[in-house]
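Below you'll find the structure, written out as structure tokens, and then a few comments.
The values are calculated or read from the model by the stated rules, or taken from the named source; none is laboratory data. The shown structure was predicted, so the numbers you read here are calculated from the model rather than taken from an experiment. Methodologically, a virtual Cβ is constructed for each residue, glycine included, from the backbone with ideal geometry; neighbour enumeration extends over all protein chains shown.
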Amino acid sequence: MSRRRLSASTLELLDEDLFLAMLRFERKRTERSNRRFVLMLLESDEFTKAPTQEKDLLQAVVAALSGSIRETDIKGWYKRFRVVGVIFTEVGTADGKSITNALLLKVTKALGTALSIEQVNNVQLSFHVFPDAAYEHGDRGPSDSPLYPELTMDGDPKRGSRLVKRCIDIAGSLFALAALSPVFVLIAAAIKFTSKGPILFKQQRVGRYGRIFTFLKFRSMYFRSDQALHLEYVQRLIAGDGEPHSEKGRKAVIYKMTNDPRVTRVGRFLRKASLDELPQFVNVLRGEMSLVGPRPPLPYEFACYDIWHKQRLVVVQPGITGLWQVTGRSRTTFDEMVRLDLKYANSWSVWGDIKILFRTPWAVFSGEGAY
């Protein structure tokens, strides 16, 4: 079957560009309304083959879908001539597994009625609940996020810029680790001789697409400090009830605890000078972080996020420094910090990263907003 004939026989399917635009629209609507949707993908190599029966596989699938989905649901080409997508809008408040099981039963029943067993076996079904599936913890990457097809390597308009960004990350991290090696030795000695415990502090953090990775810092707290105090603080902060702090005539909310009893004397100096962050150059070399990007949250911070907060972990890798660090650092409210991260994520460029890197030393040396 020619592609012209294939297109003419599937007039009920939205074109790929329009369908993906609707997918982006539904993501934004869910961010505002908190009403989830499900993306169903049906993939088969048979969709492009010539028909061998009165109705070919693609026509039969489209007919089955038309009789089993609502008028408010959206169907179209997710990948032209290969993957058909259906967006089930506003699917309710049940848990994602229950919703996808119900949809799977409904769709497979419709396909089983319209298709032969051989045809059914040629169609691969997958379900992706937004926002649940977009931020699952695990070893994921851009190509593993069907809910964000525009961010895959094939569809990324900034693919070249990302390659340059990665080269800058590698070169900058290698240079920093080599140049600052004497500082590493001095800090390690100061930590070792002033408090018990390891020199490095290893912590699980949430990276891009919800990937969990091991985040490295110089230890600034007493060994085995209780995390309950910070957890309670983070919950209040994200809810908009952080620690009030008066600065230059305005009332701000501190993103970090200003009087954390868990911090050692050496640790307080390291935090003030941001020297505790230096081991993160290793995270950058590993590809888990970038020199510039949003700060990676703790898993229990991430669990408190609203849907729109999570967008800061989608477009770019987390970074050592970023827009909010060089503008507000810890003086901003949590929502203001997220808005700055989103502003960066939506407009980042290589030149913009370079400007942020040049502004970072002044933000560090001035010490404003650092605790």
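Tabulated data for the structure shown
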{"item": "Filter result for THR72 (touching a Ser or Thr at 6+ places or on another chain (Cβ under 6 Å), modelled with pLDDT of 80 or more and not hydrophobic (A, V, I, L, M, F, W, C))", "result": "yes"}
{"item": "Check on ALA63, without any contact (Cβ under 8 Å) to a residue 40 or more places away in the chain and not assigned by TED's automatic domain parsing to the domain that holds LEU342", "result": "no"}
{"item": "Those residues of region 260-278 which are closer than 18 Å to TRP362 by Cβ and among the charged types (D, E, K, R), in sequence order", "result": "ARG271, LYS272, GLU277"}
{"item": "Subset of region 196-218 [surrounded by fewer than 19 Cβ atoms within 10 Å (Cβ to Cβ) and either not in a strand (DSSP E or B) or not β-branched (Val, Ile, Thr) (or both)]", "result": "LYS196, GLY197, PRO198, ILE199, LEU200, LYS202, GLN203, GLN204"}
{"item": "Residue in region 240-257 that is of a type in the set (Gly, Ala, Ser), in the same structural domain as GLN311 (by TED's automatic domain parsing) and modelled with pLDDT of 70 or more present", "result": "no"}
{"item": "Condition check for LEU278: over 14 Å from the mean Cα position of the chain (by Cα), over 17 Å from GLN203 (Cβ atoms) and touching a residue at least 40 places away in the same chain (Cβ under 8 Å)", "result": "no"}
{"item": "Hits in region 349-366 (condition: surrounded by fewer than 18 Cβ atoms within 10 Å (Cβ to Cβ) and at pLDDT below 85)", "result": "TRP362, PHE365, SER366"}
{"item": "Residue match in region 334-348 (condition: under 17 Å from the mean Cα position of the chain (by Cα), among the polar types (S, T, N, Q), in a helix (DSSP H, G or I) and modelled with pLDDT of 85 or more)", "result": "yes"}
